[in-house]
Amino acid sequence: MTRPNFSPVAAPDDAVAEQARQFQLTLTKPPGSLGRLEDLGVWLSACQGQVPPVPLEDIRLVVFAGDHGVASGGVSAYPTDVSIQMFHNINAGGAGVNAIAHTSGASVVAVDLCLDRDAEPGEVPYRVRRSCGSIDREDAMTEDELTRSLEVGAQLADEAIDSGAQLLIAGDLGIGNTTPAAAMIGNVTGTEPVVVVGRGSGIDDEGWKRKTAAIRDAMFRVRGVRNDPMTVLRRISSPDLAATAAFLARAAERRTPCVLDGVVVTSAALLADQLSPGARAWWLAGHLSAEPAHAIALRHLELEPLVEYRMRLGEGSGAVTAVPMLHHAVAIMRDMATFDSAEVSRGLDE
(Lines give C-alpha, C1' and ligand atoms only; values in the text may rest on other atoms or scores of the structure.)
Protein backbone atom coordinates (compact mmCIF):
# COMPACT_ATOMS: atom_id res chain seq x y z
CA MET A 1 0.00 0.00 0.00
CA THR A 2 1.14 3.51 -0.80
CA ARG A 3 -0.17 6.33 1.31
CA PRO A 4 -1.74 9.12 -0.78
CA ASN A 5 0.19 12.35 -1.05
CA PHE A 6 -1.61 15.51 -0.03
CA SER A 7 -0.49 19.01 -0.89
CA PRO A 8 -1.41 22.67 -0.27
CA VAL A 9 -4.43 23.92 -2.18
CA ALA A 10 -4.85 27.19 -4.07
CA ALA A 11 -8.06 29.10 -3.40
CA PRO A 12 -10.88 29.43 -5.95
CA ASP A 13 -10.14 31.96 -8.70
CA ASP A 14 -10.04 35.51 -7.27
CA ALA A 15 -10.32 37.13 -10.70
CA VAL A 16 -13.45 35.17 -11.52
CA ALA A 17 -14.86 36.01 -8.08
CA GLU A 18 -14.43 39.72 -8.80
CA GLN A 19 -16.01 39.27 -12.23
CA ALA A 20 -18.96 37.58 -10.54
CA ARG A 21 -19.33 40.43 -8.03
CA GLN A 22 -19.41 42.93 -10.86
CA PHE A 23 -21.95 40.79 -12.70
CA GLN A 24 -24.17 40.78 -9.61
CA LEU A 25 -24.26 44.58 -9.80
CA THR A 26 -25.87 44.39 -13.26
CA LEU A 27 -28.85 42.32 -12.04
CA THR A 28 -32.23 43.90 -11.33
CA LYS A 29 -31.91 44.25 -7.56
CA PRO A 30 -30.29 46.63 -5.10
CA PRO A 31 -26.65 45.65 -4.44
CA GLY A 32 -26.43 43.04 -1.70
CA SER A 33 -30.20 42.72 -1.37
CA LEU A 34 -30.12 38.93 -1.72
CA GLY A 35 -27.51 38.59 1.01
CA ARG A 36 -25.66 35.31 1.21
CA LEU A 37 -27.30 34.01 -1.94
CA GLU A 38 -25.16 36.55 -3.79
CA ASP A 39 -22.05 35.40 -1.90
CA LEU A 40 -22.80 31.80 -2.80
CA GLY A 41 -23.11 32.70 -6.47
CA VAL A 42 -19.75 34.45 -6.37
CA TRP A 43 -18.14 31.48 -4.61
CA LEU A 44 -19.56 28.95 -7.08
CA SER A 45 -18.41 31.08 -10.00
CA ALA A 46 -14.90 31.19 -8.54
CA CYS A 47 -14.92 27.44 -7.93
CA GLN A 48 -16.10 26.70 -11.46
CA GLY A 49 -13.98 29.39 -13.09
CA GLN A 50 -16.86 30.95 -14.99
CA VAL A 51 -19.61 33.58 -14.73
CA PRO A 52 -22.41 32.79 -14.36
CA PRO A 53 -21.89 29.37 -12.77
CA VAL A 54 -23.42 26.34 -14.46
CA PRO A 55 -26.34 24.55 -12.77
CA LEU A 56 -25.45 21.88 -10.23
CA GLU A 57 -26.81 18.77 -11.90
CA ASP A 58 -24.45 16.15 -10.43
CA ILE A 59 -24.24 16.30 -6.63
CA ARG A 60 -22.87 13.26 -4.83
CA LEU A 61 -23.20 12.44 -1.13
CA VAL A 62 -20.99 9.67 0.25
CA VAL A 63 -21.87 8.45 3.74
CA PHE A 64 -18.78 7.06 5.48
CA ALA A 65 -19.93 4.30 7.83
CA GLY A 66 -18.01 2.80 10.71
CA ASP A 67 -18.29 1.62 14.28
CA HIS A 68 -16.08 2.68 17.15
CA GLY A 69 -14.54 0.66 19.95
CA VAL A 70 -15.17 3.48 22.39
CA ALA A 71 -18.92 2.86 22.05
CA SER A 72 -18.53 -0.18 24.30
CA GLY A 73 -17.88 2.23 27.17
CA GLY A 74 -21.46 3.48 27.24
CA VAL A 75 -20.94 6.78 25.41
CA SER A 76 -24.00 6.37 23.17
CA ALA A 77 -27.72 5.88 23.70
CA TYR A 78 -27.90 3.18 21.00
CA PRO A 79 -26.24 -0.22 20.42
CA THR A 80 -23.84 -0.65 17.51
CA ASP A 81 -26.36 -2.90 15.71
CA VAL A 82 -28.15 0.28 14.71
CA SER A 83 -25.17 1.34 12.56
CA ILE A 84 -25.51 -1.77 10.43
CA GLN A 85 -29.28 -1.47 10.18
CA MET A 86 -29.06 2.18 9.15
CA PHE A 87 -26.32 1.41 6.63
CA HIS A 88 -28.74 -0.89 4.81
CA ASN A 89 -31.57 1.60 5.26
CA ILE A 90 -29.57 4.38 3.58
CA ASN A 91 -28.56 2.22 0.64
CA ALA A 92 -32.19 1.09 0.31
CA GLY A 93 -33.25 4.75 0.11
CA GLY A 94 -35.27 4.83 3.34
CA ALA A 95 -33.29 7.12 5.65
CA GLY A 96 -33.85 10.76 6.49
CA VAL A 97 -30.90 11.80 4.38
CA ASN A 98 -32.36 10.02 1.34
CA ALA A 99 -35.62 11.93 1.65
CA ILE A 100 -33.86 15.29 1.94
CA ALA A 101 -31.29 14.50 -0.74
CA HIS A 102 -34.00 13.52 -3.21
CA THR A 103 -35.59 16.96 -3.06
CA SER A 104 -32.14 18.63 -3.17
CA GLY A 105 -31.07 16.75 -6.29
CA ALA A 106 -28.26 14.76 -4.69
CA SER A 107 -27.47 11.06 -4.99
CA VAL A 108 -26.58 9.08 -1.86
CA VAL A 109 -24.42 6.03 -1.25
CA ALA A 110 -23.15 4.63 2.05
CA VAL A 111 -19.79 2.83 2.17
CA ASP A 112 -18.64 0.47 4.94
CA LEU A 113 -15.19 1.36 6.27
CA CYS A 114 -15.34 -0.37 9.63
CA LEU A 115 -18.81 -1.46 10.65
CA ASP A 116 -18.82 -4.03 13.44
CA ARG A 117 -20.04 -7.01 11.40
CA ASP A 118 -18.87 -10.02 9.47
CA ALA A 119 -18.70 -9.37 5.75
CA GLU A 120 -17.22 -10.98 2.68
CA PRO A 121 -14.46 -8.92 0.99
CA GLY A 122 -16.40 -8.67 -2.26
CA GLU A 123 -19.43 -7.37 -0.41
CA VAL A 124 -17.58 -4.41 1.12
CA PRO A 125 -14.84 -3.28 -1.28
CA TYR A 126 -13.91 -0.20 0.77
CA ARG A 127 -13.72 -1.95 4.13
CA VAL A 128 -10.59 -1.38 6.24
CA ARG A 129 -11.30 -3.43 9.35
CA ARG A 130 -14.04 -4.45 11.74
CA SER A 131 -14.80 -1.56 14.12
CA CYS A 132 -11.70 0.18 15.54
CA GLY A 133 -9.72 0.58 18.72
CA SER A 134 -11.22 2.23 21.80
CA ILE A 135 -9.48 5.59 21.51
CA ASP A 136 -9.52 6.36 25.23
CA ARG A 137 -6.96 3.61 25.81
CA GLU A 138 -5.59 2.38 22.46
CA ASP A 139 -4.95 3.53 18.92
CA ALA A 140 -7.90 3.57 16.56
CA MET A 141 -5.93 1.73 13.87
CA THR A 142 -2.52 0.66 12.65
CA GLU A 143 -0.33 2.56 10.19
CA ASP A 144 -1.37 0.21 7.37
CA GLU A 145 -5.04 0.67 8.24
CA LEU A 146 -4.62 4.43 8.23
CA THR A 147 -2.99 4.22 4.81
CA ARG A 148 -5.86 2.11 3.50
CA SER A 149 -8.43 4.53 4.98
CA LEU A 150 -6.77 7.50 3.29
CA GLU A 151 -6.57 5.57 0.01
CA VAL A 152 -10.28 4.84 0.13
CA GLY A 153 -11.26 8.44 0.84
CA ALA A 154 -9.07 9.82 -1.94
CA GLN A 155 -10.27 7.11 -4.34
CA LEU A 156 -13.93 7.86 -3.67
CA ALA A 157 -13.36 11.56 -4.36
CA ASP A 158 -11.42 10.79 -7.55
CA GLU A 159 -14.06 8.37 -8.81
CA ALA A 160 -16.86 10.88 -8.23
CA ILE A 161 -15.00 13.78 -9.85
CA ASP A 162 -13.76 11.72 -12.80
CA SER A 163 -17.34 10.66 -13.55
CA GLY A 164 -18.68 14.23 -13.54
CA ALA A 165 -19.55 15.24 -9.97
CA GLN A 166 -19.81 19.01 -9.60
CA LEU A 167 -20.37 19.15 -5.84
CA LEU A 168 -19.43 16.63 -3.17
CA ILE A 169 -20.84 16.03 0.30
CA ALA A 170 -19.52 13.72 3.00
CA GLY A 171 -21.90 12.17 5.50
CA ASP A 172 -21.27 10.05 8.58
CA LEU A 173 -22.83 6.96 10.10
CA GLY A 174 -21.75 5.09 13.20
CA ILE A 175 -22.77 4.68 16.81
CA GLY A 176 -20.36 6.54 19.09
CA ASN A 177 -18.78 8.65 16.35
CA THR A 178 -19.35 11.99 18.08
CA THR A 179 -16.83 10.87 20.73
CA PRO A 180 -13.79 10.72 18.39
CA ALA A 181 -15.15 13.80 16.61
CA ALA A 182 -15.17 15.80 19.85
CA ALA A 183 -11.71 14.52 20.80
CA MET A 184 -10.29 15.56 17.42
CA ILE A 185 -11.91 18.99 17.62
CA GLY A 186 -10.68 19.50 21.16
CA ASN A 187 -7.18 18.53 20.14
CA VAL A 188 -6.90 20.68 17.02
CA THR A 189 -8.56 23.77 18.53
CA GLY A 190 -7.03 23.48 22.01
CA THR A 191 -10.42 23.25 23.71
CA GLU A 192 -11.04 21.48 27.03
CA PRO A 193 -12.90 18.14 26.92
CA VAL A 194 -15.82 19.35 29.03
CA VAL A 195 -16.46 22.12 26.49
CA VAL A 196 -16.51 19.94 23.37
CA VAL A 197 -18.57 17.06 24.73
CA GLY A 198 -22.20 16.88 23.61
CA ARG A 199 -25.23 14.63 24.00
CA GLY A 200 -24.76 12.88 20.65
CA SER A 201 -27.70 10.59 19.97
CA GLY A 202 -29.33 11.59 23.27
CA ILE A 203 -27.30 10.22 26.20
CA ASP A 204 -28.36 10.83 29.82
CA ASP A 205 -26.23 12.53 32.49
CA GLU A 206 -24.34 9.36 33.40
CA GLY A 207 -23.62 8.70 29.75
CA TRP A 208 -22.40 12.28 29.40
CA LYS A 209 -19.93 11.73 32.25
CA ARG A 210 -18.61 8.56 30.62
CA LYS A 211 -18.30 10.30 27.29
CA THR A 212 -16.46 13.26 28.83
CA ALA A 213 -13.98 10.90 30.49
CA ALA A 214 -13.41 9.04 27.21
CA ILE A 215 -12.80 12.29 25.32
CA ARG A 216 -10.44 13.51 28.06
CA ASP A 217 -8.41 10.29 27.92
CA ALA A 218 -8.31 10.27 24.11
CA MET A 219 -7.13 13.87 24.01
CA PHE A 220 -4.43 13.05 26.55
CA ARG A 221 -3.13 10.37 24.19
CA VAL A 222 -2.46 12.96 21.46
CA ARG A 223 -1.19 15.80 23.63
CA GLY A 224 1.62 17.61 21.89
CA VAL A 225 0.75 16.45 18.35
CA ARG A 226 -1.89 19.01 17.44
CA ASN A 227 -0.18 19.77 14.14
CA ASP A 228 0.50 16.15 13.16
CA PRO A 229 -2.70 15.07 11.38
CA MET A 230 -1.47 11.58 10.52
CA THR A 231 -0.74 10.75 14.14
CA VAL A 232 -4.00 12.25 15.38
CA LEU A 233 -5.98 10.31 12.78
CA ARG A 234 -4.26 7.03 13.57
CA ARG A 235 -4.59 7.35 17.32
CA ILE A 236 -7.99 8.89 18.00
CA SER A 237 -10.13 8.92 14.86
CA SER A 238 -11.36 5.82 13.00
CA PRO A 239 -11.13 4.46 9.45
CA ASP A 240 -14.37 6.20 8.45
CA LEU A 241 -13.20 9.57 9.80
CA ALA A 242 -9.76 9.23 8.22
CA ALA A 243 -11.37 8.38 4.88
CA THR A 244 -13.64 11.41 5.23
CA ALA A 245 -10.62 13.65 5.79
CA ALA A 246 -8.92 12.26 2.69
CA PHE A 247 -12.13 12.64 0.65
CA LEU A 248 -12.42 16.33 1.57
CA ALA A 249 -8.72 17.03 1.04
CA ARG A 250 -8.62 15.33 -2.36
CA ALA A 251 -11.77 17.13 -3.53
CA ALA A 252 -10.18 20.49 -2.69
CA GLU A 253 -6.94 19.50 -4.42
CA ARG A 254 -9.01 18.76 -7.51
CA ARG A 255 -10.82 22.09 -7.25
CA THR A 256 -14.22 20.54 -6.53
CA PRO A 257 -16.43 22.29 -3.95
CA CYS A 258 -17.86 20.46 -0.97
CA VAL A 259 -20.62 21.13 1.54
CA LEU A 260 -19.76 20.06 5.09
CA ASP A 261 -22.30 18.38 7.34
CA GLY A 262 -22.28 18.36 11.14
CA VAL A 263 -19.80 17.77 13.93
CA VAL A 264 -18.42 14.42 12.74
CA VAL A 265 -17.68 15.49 9.17
CA THR A 266 -16.37 18.85 10.34
CA SER A 267 -13.98 17.16 12.76
CA ALA A 268 -12.52 15.31 9.77
CA ALA A 269 -12.42 18.60 7.86
CA LEU A 270 -10.11 20.06 10.52
CA LEU A 271 -7.62 17.29 9.79
CA ALA A 272 -8.18 17.56 6.02
CA ASP A 273 -7.24 21.23 6.15
CA GLN A 274 -4.00 20.21 7.85
CA LEU A 275 -3.34 17.50 5.26
CA SER A 276 -3.99 19.97 2.41
CA PRO A 277 -3.54 23.50 3.78
CA GLY A 278 -6.00 25.88 2.16
CA ALA A 279 -8.61 23.18 1.48
CA ARG A 280 -11.17 25.05 3.59
CA ALA A 281 -11.59 27.64 0.81
CA TRP A 282 -13.38 24.93 -1.21
CA TRP A 283 -15.90 24.13 1.50
CA LEU A 284 -19.20 25.51 2.70
CA ALA A 285 -20.66 24.77 6.12
CA GLY A 286 -24.10 23.40 5.36
CA HIS A 287 -25.54 23.85 8.83
CA LEU A 288 -24.82 24.33 12.51
CA SER A 289 -25.65 21.20 14.47
CA ALA A 290 -26.79 20.93 18.07
CA GLU A 291 -23.39 19.52 19.14
CA PRO A 292 -21.32 22.20 20.97
CA ALA A 293 -18.06 21.08 19.34
CA HIS A 294 -19.44 21.87 15.89
CA ALA A 295 -19.52 25.63 16.44
CA ILE A 296 -15.98 25.46 17.83
CA ALA A 297 -14.72 23.63 14.75
CA LEU A 298 -16.49 25.98 12.33
CA ARG A 299 -14.98 29.02 14.05
CA HIS A 300 -11.54 27.44 13.71
CA LEU A 301 -12.14 26.87 9.98
CA GLU A 302 -13.65 30.38 9.65
CA LEU A 303 -16.78 28.98 8.03
CA GLU A 304 -20.27 30.38 8.60
CA PRO A 305 -23.12 27.83 8.49
CA LEU A 306 -25.88 28.35 5.95
CA VAL A 307 -28.74 27.07 8.11
CA GLU A 308 -29.36 26.40 11.79
CA TYR A 309 -32.21 23.96 12.33
CA ARG A 310 -30.98 22.24 15.53
CA MET A 311 -30.27 19.10 13.48
CA ARG A 312 -28.12 16.29 14.89
CA LEU A 313 -28.97 13.29 12.72
CA GLY A 314 -25.72 13.22 10.75
CA GLU A 315 -25.68 11.13 7.54
CA GLY A 316 -25.08 14.34 5.56
CA SER A 317 -28.64 15.48 6.25
CA GLY A 318 -27.71 19.02 7.32
CA ALA A 319 -25.51 19.52 4.28
CA VAL A 320 -28.16 18.43 1.77
CA THR A 321 -30.70 20.62 3.56
CA ALA A 322 -28.57 23.60 2.53
CA VAL A 323 -28.12 22.53 -1.11
CA PRO A 324 -31.28 24.29 -2.40
CA MET A 325 -29.63 27.58 -1.44
CA LEU A 326 -26.89 26.78 -3.94
CA HIS A 327 -29.48 26.06 -6.62
CA HIS A 328 -31.07 29.42 -5.82
CA ALA A 329 -27.70 31.17 -6.03
CA VAL A 330 -27.07 29.71 -9.49
CA ALA A 331 -30.59 30.59 -10.69
CA ILE A 332 -30.18 34.20 -9.60
CA MET A 333 -27.08 34.62 -11.73
CA ARG A 334 -28.42 32.71 -14.72
CA ASP A 335 -32.08 33.68 -14.81
CA MET A 336 -32.41 37.22 -13.46
CA ALA A 337 -32.64 40.01 -15.99
CA THR A 338 -30.03 42.73 -16.08
CA PHE A 339 -30.93 46.38 -15.74
CA ASP A 340 -30.15 46.90 -19.42
CA SER A 341 -32.08 43.89 -20.73
CA ALA A 342 -35.13 44.70 -18.62
CA GLU A 343 -34.85 48.45 -19.18
CA VAL A 344 -34.99 49.03 -15.43
CA SER A 345 -33.44 52.14 -13.93
CA ARG A 346 -30.40 51.45 -11.77
CA GLY A 347 -31.18 54.16 -9.24
CA LEU A 348 -30.75 57.82 -8.53
CA ASP A 349 -27.00 57.75 -9.22
CA GLU A 350 -27.46 56.27 -12.70
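Using only the Cα atoms, work out Rg/Rh for the chain, with Rh taken as the Kirkwood radius, to two decimals. Display every interim value, and only then the final one.
Numbers: Rg = 20.5 Å, Rh = 20.4 Å.
Taking Rh as the inverse mean 1/r over Cα pairs, Rg/Rh reads 1.01.
Cα centroids of the stretch 92-120 and the stretch 199-261: how far apart, whole angstrom?
Rounded to whole Å, the Cα centres lie 20 Å apart.
Among bridges DSSP assigns within the chain, what percent are antiparallel (round to 5)? Before the final figure, lay out each step's value.
Details: 1 of 22 bridges.
Antiparallel: roughly 5 percent of the beta bridges in the chain.
Whole-Å semi-axes of the stretch 8-91's equivalent ellipsoid, largest first, each the root of 5 times a Cα gyration tensor eigenvalue? Before the final figure, lay out each step's value.
Working: eigenvalues 372, 44, 38 Å².
Result for the stretch 8-91: semi-axes of 43, 15, 14 Å.
Label points 7 Å out from Cα along the Cβ direction at D340 and Q85: separation in nm?
That separation, rounded to one decimal, is 6.2 nm.
Give the shape of the stretch 247-350 as rounded, prolate or oblate, defined through the alpha-carbon gyration tensor: a ≥ b ≥ c are the square roots of its eigenvalues, a/c under 1.5 means rounded, and otherwise the shape is prolate if a/b is larger than b/c and oblate if not. If you can, show how the numbers build up before the last one.
On the way: a/c = 2.54, a/b = 1.93, b/c = 1.32.
Judged from the Cα gyration tensor, the stretch 247-350 comes out prolate (a/c at least 1.5, a/b above b/c).
Quick check for you: with a 1.4 Å probe and neighbouring chains kept, what is the accessible area per residue of the stretch 136-230, in Å²? If you can, show how the numbers build up before the last one.
Working: 3720 Å² over 95 residues.
Dividing the accessible area of the stretch 136-230 by its residue count gives 39 Å².
Can you bin the stretch 279-333 into rounded, prolate or oblate? Criterion: square roots of the alpha carbon gyration tensor eigenvalues sorted a ≥ b ≥ c, rounded for a/c under 1.5, prolate for a/b above b/c, oblate for the rest.
Details: a/c = 2.35, a/b = 1.37, b/c = 1.72.
Oblate shape, in that a/c is at least 1.5 and b/c is the bigger or equal ratio.
With everything on Cα atoms, drop me the angle between helix 143-162 and the longest principal axis of the chain, reported from 0 to 90° to the nearest 10.
Tilt of helix 143-162: around 30 degrees.
On the protein heavy atoms, probe 1.4 angstrom, tell me the percent of accessible surface of the chain carried by carbon and sulfur. Could the numbers behind the result be given before it?
Values: 7000 of 14140 Å².
Ligands and nucleic acids excluded, carbon and sulfur reach 50 percent.
Can you pull the Rg over Rh of the stretch 91-159, Cα-only, Kirkwood?
Numbers: Rg = 14.7 Å, Rh = 14.0 Å.
On the Cα set of the stretch 91-159, Rg over Rh gives 1.05.
Once Rh for the stretch 27-136 is found with the Kirkwood sum over Cα pairs, what is the Stokes-Einstein diffusion coefficient at 20 °C and 1.002 mPa s, in µm²/s? All intermediate terms of the calculation are to be shown ahead of the outcome.
Details: Rh = 17.3 Å.
Rounded, D is 124 µm²/s.
Binning every alpha carbon pair distance of the stretch 140-229 at 10 Å from zero, what are the percents per bin?
Over the stretch 140-229, the share of Cα pairs per 10 Å bin runs 14, 35, 32, 16, 2 percent.
The values are calculated or read from the model by the stated rules, or taken from the named source; none is laboratory data. Everything numeric here is computed off the predicted structure, so don't read it as measured data. Cβ: placed from backbone, ideal geometry, glycine included. Neighbour counts: every protein chain shown. We work out accessible area using only protein heavy atoms, side chains counted, and drop any ligands, DNA or RNA first. Shrake-Rupley method; radii C 1.70, N 1.55, O 1.52, S 1.80 Å.
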